Structure formats: structure tokens, C-alpha cells
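Undergrad: One structure, pasted below without further comment.
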Amino acid sequence: MSKITPMNAIEMQCLRQSFALSTAQMAELTKVSEAEVIAWENGEAEAPMKIQKQLTEIDDTIEMQVLNTTDGIEALFKTEPKRRLAFVVYPTQAIYTQYNPEFLSSLPLTELYNTAAWRIKKECKIVLDVEVTLIPLDVEAYKAYRADNNMSESRESRAKWAKTQL
């Protein structure tokens, strides 16, 4: 395992912003006070290395999702014509927790999952010339769709519902 180079104030702020987190959310994620996060970003204190490692690992997780997903999309389009894709994102933490619990250990906040989806969208456009639309999960519409199509709850059902929203 390589040693992590300490982040300076600007790097801490940029990383938080790249995750689309407020200082309060960053404090929640790292289990410190919001004042401590602000102090890190103002250069008044250095974030503990344990926290810097945690944040770097989250960023690495997001980047791996981007790479794995875009690789999968690229492979799919070798056998199928390019088309528009829809990815489900989660408008609230409660919906994310209910419908996507498998990511909670690595990406505990919906904003982190949605950041991964945003980065996938950008990568697909730039590298693959594929349009991806992020579709916020509308729970009631999704439940109605499942009922109308006699489907159980699954990632695949959410993907099929999202496709109907394009």
C-alpha cells in the first residue's frame, strides 16, 4: 500500500466539492464537527491522515465505478448500436438507503453515489460519445411501473423504469 501524501487546504476543499458535499455533510461523513472541516479548508488545521485516507478511498471507489461502468458500456456497444442510457440517481438519503443499500458501506451518502453517476455520464459522453441521462428515482412512479408490469424490486427493474423516463 502506498503512502498517502497529505492534502493541503485547497485539495481538501476541492475534494469535498468534487463529492458535491456541504461542509456539514463532510463533517457527518468524517464524524467530526463542521468547524473542523472549515478549519481544514482554511488551512488552520490539517485533517488527520485517517480521514484523508478515508476520503481518498471514497474517491478511488467512485473512480473505479466510473471505469468499470464505462468499460461495461463500451463492451455492450460493441454488439449493440449506440443508444441513450438512463441511470437512476437518488434524490434523498432515505430513498438511497432503501433502494440501493449495497453501496452504503463504500459510498454512504446519496451525494457520493450521485457524484459517481455524474462522473460516469461525463466519461460516457467524452470517451464513448454516449448520452447518459440521470433520472431521479420517483418512488411512486416506479412502484406503479412495477405493479403495471408485474415486476419485483431489483436494480434491473429500476433500470427498466429509468429507460421509460427518457
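Undergrad: Take the residues of region 3-47 that are of a type in the set (A, V, I, L, M, F, W, C) and outside any helix (DSSP H, G or I): which is modelled with the lowest pLDDT? Full working, then the answer.
TA: First, pick out the residues of region 3-47 that are of a type in the set (A, V, I, L, M, F, W, C): 4, 7, 9-10, 12, 14-15, 19-21, 24, 26-27, 29, 32, 35, 37-40, 45, 47.
Of the ones still in play, those that are also outside any helix (DSSP H, G or I) are 4, 7, 19-21, 32, 45, 47.
Details: ILE4: 74, MET7: 95, PHE19: 97, ALA20: 95, LEU21: 97, VAL32: 98, ALA45: 97, ALA47: 96.
Going through the qualifying residues, I end up with ILE4.
Undergrad: Can you name every residue in region 111-153 that is touching a strand residue (DSSP E or B) at 6+ places or on another chain (Cβ under 8 Å) and of a type outside the set (A, V, I, L, M, F, W, C)?
TA: TYR113, ASN114, LYS121, LYS125, GLU131, THR133, PRO136
Undergrad: Report, by residue number, each residue of region 1-19 that is open to solvent by 60 Å² or more (accessible area, probe 1.4 Å), of a type in the set (Gly, Ala, Ser) and under 23 Å from the mean Cα position of the chain (by Cα).
TA: Within region 1-19, none qualify.
Undergrad: Quick check, is GLU36 without any contact (Cβ under 8 Å) to a residue 40 or more places away in the chain and open to solvent by 20 Å² or more (accessible area, probe 1.4 Å)?
TA: The answer is yes for GLU36.
Per-residue answers, yes or no, for (1) in contact (Cβ under 8 Å) with a residue 60 or more places away in the chain; (2) in contact with a Phe, Trp or Tyr (Cβ under 9 Å, 6 or more places away or on another chain); (3) under 26 Å from GLU28 (Cα atoms):
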{"site": "GLU74", "(1), (2), (3)": "no, no, no"}
{"site": "PRO91", "(1), (2), (3)": "no, no, yes"}
{"site": "ILE95", "(1), (2), (3)": "no, no, yes"}
{"site": "SER105", "(1), (2), (3)": "no, no, yes"}
{"site": "GLU111", "(1), (2), (3)": "yes, yes, yes"}
{"site": "ALA116", "(1), (2), (3)": "no, yes, yes"}
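Undergrad: Determine whether LEU15 is under 20 Å from ASN114 (Cα atoms) and in contact (Cβ under 8 Å) with a residue 60 or more places away in the chain. Before the answer, list the steps.
TA: Values: under 20 Å from ASN114 (Cα atoms): yes; in contact (Cβ under 8 Å) with a residue 60 or more places away in the chain: no.
Answer is no for this residue.
Undergrad: Right, next: I'm told LYS50 meets every condition in (1) in contact with a helix residue (DSSP H, G or I) (Cβ under 6 Å, 6 or more places away or on another chain); (2) not in a loop (DSSP other than H, G, I, E, B) except one. Can you identify the failing condition by its number?
TA: (1)
Undergrad: Among the residues of region 115-166, which ones are under 18 Å from ILE73 (Cα atoms) and of a type in the set (Phe, Trp, Tyr)?
TA: Hit for region 115-166 is TRP118, nothing else.
Undergrad: If GLN165 meets every condition in (1) under 23 Å from ASP71 (Cα atoms); (2) in contact with a strand residue (DSSP E or B) (Cβ under 8 Å, 6 or more places away or on another chain) apart from one, which number is that one?
TA: Unmet condition: (1).
The values are calculated or read from the model by the stated rules, or taken from the named source; none is laboratory data. Everything numeric here is computed off the predicted structure, so don't read it as measured data. With ideal geometry, Cβ positions are generated from the backbone for all residues, glycine too; neighbour counts draw on all protein chains shown. Accessible surface areas use protein heavy atoms only, side chains included; no ligands, DNA or RNA. Shrake-Rupley method; radii C 1.70, N 1.55, O 1.52, S 1.80 Å.
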